[in-house]
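Structure first, commentary second.
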Amino acid sequence: MEIKTREERDVTVVSVTGRMGELTAPAFEEAMKNFIAQGKTKFVVDLGELEYISSAGLRSILAITKVLKEKNGTIVLTGLSGAVREVFAITQFISVFATYDKPEDALAEL
Amino acid sequence: MYGCIKCPAKIEHIERFVKYVRTVADDSGFSRRRINNAELALEEALVNICRYAYSEGRGDIEVACRADEDHRLIIRIIDCGKPFNILTVSEPEFTGDITNREPGGMGVLLIRKMVDDITYRRRGDKNILTLIMSDKRAQQMIKDP
């Protein structure tokens with residue numbers, strides 16, 4: 001798993017590539033918590049290049065969503081497709097997150 | 001023949017089992033999507049064993065994977081931990097605020113949705129979980145070798 005970030009205005013775009021499973025999901029959660037500790041509260045998490053996600057990955061995203069909710073922050077997801085979209089659909093996570101095709105689409109709305 | 005592999009029931013060993021099953025599925029002609037499904041079902045099943053099967057925290061997991069004559073992938077997972085039949089686990093409730101949702105049950109739900117069939121047997125001190133999945137691409141290879 002690789003995490004890349006860029007800043008767009010007051011929004012942090014976090015792009016996650018590779019695999020988000022039991023071993024790697026904690027690194028995503030830690031990275032996000034570090035951004036939040038730096039005072040960032042608006043996130044676009046782009047999963048367009050993510051190949052694989054397990055329930056551990058969903059739990060990490062859920063944990064971050066809870067932290068952001070307490071800080072009145074925002075998290076939206078972009079690029080859900082293939083196997084990753086399938087996991088979000090089965091667990092019905094897809095219906096509770098704002099999702100967009102591309103980060104640019106999300107940025108236009110935030 | 002691909003035999004089987006056996007490792008201590010630790011999270012850090014999951015990737016070894018995943019790579020082994022990926023190799024068998026790939027050699028059997030499974031599509032990228034169905035291999036991803038197999039990896040997910042396997043990871044979720046192994047995480048359950050690593051977390052809950054062994055109260056002393058020590059024990060092994062054995063995984064044997066093969067394709068049968070119908071080009072179905074048969075993944076057999078054996079542990080000697082506490083009896084645990086995932087077929088009796090109820091599905092998580094999808095009501096209310098997501099941030100209040102309990103994460104438990106999601107793994108078992110994903111296993112059920114990723115594979116075509118699941119069997120569970122308790123034989124002696126062993127849990128024997130078998131995941132069975134088919135793939136159109138692999139079955140097409142039987143017709144058009």
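Brief remarks follow.
- For segment A:56-94, the residues whose backbone nitrogen is under 13 Å from a point 7 Å from the Cα of A:LYS102, taken along Cα to Cβ, are A:79.
- Kirkwood-type hydrodynamic radius, the protein assembly as shown: 19.4 Å, calculated from all non-identical alpha-carbon pairs.
- Peptide A:83-90 - average C-beta neighbours from other chains (10 Å radius): 4
- Dipole of segment B:25-64, positive direction: furthest Cα of B:VAL47, B:PHE30, B:GLY57, with charges on the beta-carbon: B:PHE30
- Coupling constants for segment A:57-71 follow from the phi torsions by the Karplus curve (6.51 cos²θ - 1.76 cosθ + 1.60, θ = phi - 60°), and in residue order they are x, 4, 4, 5, 5, 5, 4, 5, 4, 5, 4, 5, 4, 5, 9 Hz; glycine and proline get x.
- Debye log10 I(q)/I(0) at q = 0.12, 0.14, 0.17, 0.19 Å⁻¹ for segment B:27-87, Cα point scatterers: -0.36, -0.47, -0.65, -0.77
- Cross-link partners of B:LYS19 among lysines (Cα-Cα below 28 Å; sequence separation of 8 or more within a chain): A:LYS4, B:LYS6, B:LYS10, B:LYS82, B:LYS113, B:LYS126, B:LYS136, B:LYS143
- Segment B:4-143: proportion of alpha-carbon pairs further apart than 24 angstrom, %: 31 percent
- Surface accessible to a 1.4 Å probe, A:VAL14 within the full protein complex, Å²: 0 Å²
- Segment B:4-143: relative contact order as a whole-number percent, Cα under 8 Å and 6+ apart: 29 percent
- Spin-label model, A:ASP10/B:ASN85: points 7 Å from Cα along the beta carbon direction are separated by 5.6 nm.
- Looking at segment A:27-79, the accessible area is 40 square angstrom per residue; that uses a 1.4 Å probe and ignores ligands, DNA and RNA.
- The apolar share of the surface of segment B:1-96, taken as the fraction of accessible area on carbon and sulfur atoms (1.4 Å probe, ligands and nucleic acids excluded), comes to 48 percent.
- Cut-off 10 Å between beta-carbons: net charge of the residues surrounding A:GLY18, Lys and Arg +1, Asp and Glu -1: -2
- A DSSP coil position with no more than 11 other Cβ atoms inside 10 Å describes the following GluC sites (Glu not before Pro) in segment B:60-95: B:GLU69, B:GLU93.
- Sites matching trypsin sites (Lys or Arg not before Pro) across segment B:34-95 that sit in DSSP coil, with at most 15 neighbouring C-beta atoms within 10 Å: B:ARG58
- Taking the Cα centre of segment A:14-94 as reference, the dipole from Cβ charges on Lys and Arg (+1) and Asp and Glu (-1) amounts to some 360 debye.
- Area projected by the alpha carbon convex hull of segment A:2-105, averaged over all directions, nm²: 5.8 nm²
- FRET E, pair B:GLN139, A:ALA27, Förster distance 41 Å, beta-carbon r, rounded to 0.05: 0.60
- Partner shielding of A:93-103 amounts to 1, given as the average count of beta-carbon atoms from other chains within 10 Å of each residue beta-carbon.
The values are calculated or read from the model by the stated rules, or taken from the named source; none is laboratory data. If you're wondering where the values come from, they're calculated on a predicted model, not measured in any experiment. Here Cβ is always computed from backbone atoms with ideal geometry, including for glycine, and neighbour counts include all displayed protein chains. SASA here: full protein model, heavy atoms, side chains in, ligands and nucleic acids out. Shrake-Rupley method; radii C 1.70, N 1.55, O 1.52, S 1.80 Å.
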